[in-house]
Amino acid sequence: MKCRRVIQCITKYTDIKAIVAEILENKKDEGGVKNIYFVGCGGSLGALYPAKTFMERESLTLKSGWVSSNEFVHSTPRDFGKNSIICLACHKGNTPETIAAAKLGKEMGAAVIILTWLEESEIIEFGDYIIHYSFDASPDHLAGDIDYAGEKRPCAPCRSPWSC
């Protein structure tokens, strides 16, 4: 594996801070970090929206963007390059568009952070930092048979088969 650091769980906040500190240190002689782009497809991209919103709300100087992988590859922001961070989410690590975006980030000298569930996947070779997160891969979960929010229980007052 070509990554500098592998984080086993996204909840290790101090490790995330170490990643950020290392990136800032590595980029300071090149003019620092100017922007961060959050990139992915579908639900993986959606999961990055709070981070993008947080950056917009809290940063006075760092530009942030939230872009689908395919759009990022085919319409790369003009300011993206060695002074950038690209944070990609790719659940199984095999989405072709997200892999292409990670590869582009690497080629352009950006710091590449990848969030993924699978420890071994195609995308990790393009990451400087790989953050693995846990996921319930049980057969019930994958089949959609778990009633997390109670939406599959019948409505008791009216005896309807749907939740009211």
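What the Cβ-Cβ distance of Glu120 and Val20 gives, at R0 = 25 Å and to the nearest 0.05, is a FRET efficiency of 0.50.
For Leu88, nonlocal amide neighbours, meaning residues 5 or more places apart or on other chains whose placed amide H falls under 5 Å from its own, are Val39, Ile113, Ile114, Leu115. Stokes-Einstein D for the range 17-131 at 37 °C, 0.692 mPa s, Kirkwood Rh over Cα pairs, in µm²/s? Here the translational diffusion coefficient equals 237 µm²/s. Pairs of Lys residues in the range 12-112, spaced 8 or more positions apart or belonging to different chains, with C-alpha separations under 13 angstrom: 6 in total.
Here, each number is a calculation from the coordinates, and none is a lab measurement. Predicted model, so just to flag it, every value in this text is computed and none were measured. All Cβ positions, even for glycine, are placed from backbone atoms using ideal geometry, and neighbour counts span all protein chains on display.
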